[in-house]
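What follows draws every value from the coordinates through simple rules; no lab data is involved. Small disclaimer: the values here were computed from a predicted structure and weren't measured. Cβ coordinates were reconstructed from backbone atoms using ideal geometry, including for glycine residues, and neighbour counts include every protein chain displayed.
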Amino acid sequence: MSVAPVEGIPALSSDLFYDIFRRLDGATLASAACTCATLCSISKEESLWENVCSSMWPSTNREDVKSLISSIGGFRKFYADCFPIVVNKEVVEYQPNNYHEYPDNWTEAEYYGDMNESENICPSDFVSIIDIRFKGKPVCSKVLWGIPNANSYDGWFYNCPFRIDFLTYADRDDNNDGSVHLSVSDGLPHISSMERERKDGKLWRELCEGLQLSWIIVNKKMKQAANLASWSPLGGQRHWPTDRDFVIRFGSVLPAKDILPCQVVECILIMKFRVVHTEEEGVQTTLKLTELSMQLEDMEGAHVNGRNSLHILKDALSSRRSKNYGEVLESCHMYSKVQNELKEEKMRNESRLDRLCILSGIAAFMTFWYCVL
């Protein structure tokens, strides 16, 4: 049986390849670009990467966000910066004297930062691009320009704990009231009652397995972007603070070298849902998103102030990234391990101090009565 010779790739129509490439996801498109010069040239087409980004992050479909991405280098660069997750494996092993006395070793100016240096980092240069998915389907896409209340004249932002409460300040350009709901039609299980949920935890498992969060920070001046979310939840708490509330935690470990003594901080992204309807009320199970916030905490669990947070976010945009989710979990677990060891050592020191105070009090009491008698 004779086989007809196959012509080379250059002989095939570039339009055919373009039609194929626009159906690929980002990872497959990047792999195809490495095969030969022809496919590499076709894969550089910005419209292909725009399609990839809009599929992964629906918030990039907005015209103002498209203009922003074009101004910082285009969609191909945006995907390369934001698809991998920020990872920091330089969490030092625990040493008792490394952290618990650091306020004594730093002056106030060193701890709170130089005001003149912070002025070079403008809060209005930061843009938050947020997308929430549940079981692969987009449920919320919003954009926050700047950092809320950061440009007040009294300067309280720079010295107060840094926090972005997204639902409070995000612009609401849709036609509803801006609220985000999940229901059975989105893939939630039927919940007959909260008592049943407390026993089997079915709703909690579905949330932990199905929710995904992307929180991209863009700096317009630096023309850099990074995804600070862990995509999948790192943990959470069910039925807190009330039986109907579920708290899911995302985040990452960010470098803070030469900014804070602990050298690393945790970016904590909190997502809170509340059960507003169950099947026993005659309505399908429905959850409402009640909180979506970002804050930074140091190794001792203290909130990082606004001034230092700006420096940390700036450095995070150029920090190491990884497409390996296992590396992200490893760095977060290492951070938690060191933080727990620090807390345990602090509790032991406080216990020793309490015993010393008690013994000193007893000795003083006995000495007093010895002198009196």
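Report Rg(Cα)/(2.2 N^0.38 Å) for the stretch 14-83, keeping two decimals.
For the stretch 14-83, the normalised Cα radius of gyration comes out at 1.06.
For the pairs Lys89/Lys223; Lys135/Lys202; Lys202/Lys272; Lys77/Lys221; Lys220/Lys314; Lys66/Lys220, flag any whose C-alpha to C-alpha distance is greater than 20 Å.
On the way: Lys89/Lys223 25 Å; Lys135/Lys202 15 Å; Lys202/Lys272 17 Å; Lys77/Lys221 16 Å; Lys220/Lys314 11 Å; Lys66/Lys220 13 Å.
Correct reply: Lys89/Lys223.
Quick one: Cα centre-to-centre distance for the stretch 202-219 and the stretch 312-333, in angstrom?
Rounded to whole Å, the Cα centres lie 17 Å apart.
Over the stretch 121-343, what is the mean sequence separation of C-alpha contacts under 8 Å (at least six apart), divided by residue count, expressed as relative contact order in percent? Provide the component values of the computation, followed by the final result.
Working: 430 pairs, mean separation 48.5, N = 223.
Across the stretch 121-343, relative contact order equals 22 percent.
Mind listing P(r) for the stretch 210-256? All alpha-carbon pairs, 10 Å bins, whole percents.
With 10 Å bins starting at 0, P(r) equals 23, 37, 27, 11, 2.
Taking the inverse of the average 1/r across all pairs of different Cα atoms in the stretch 121-343, what Kirkwood radius in Å do you get? Mind dumping the intermediate values first?
Details: mean 1/r = 0.0538 Å⁻¹.
Answer for the stretch 121-343: a Kirkwood hydrodynamic radius of 18.6 Å.
I want the local charge near Met347. Using Cβ-Cβ distances under 15 Å, sum +1 for each Lys or Arg and -1 for each Asp or Glu among the other residues.
Working: positive: Lys343, Lys346, Arg348, Arg352, Arg355; negative: Glu300, Glu341, Glu344, Glu345, Glu350, Asp354.
Around Met347, the charge tally is -1.
Show me the ranking of peptides 74-83, 56-65 by mean Cβ neighbours inside 10 Å, starting with the highest.
Details: 74-83: 20.3, 56-65: 17.1.
Ranking the peptides 74-83, 56-65 by packing returns 74-83, 56-65.
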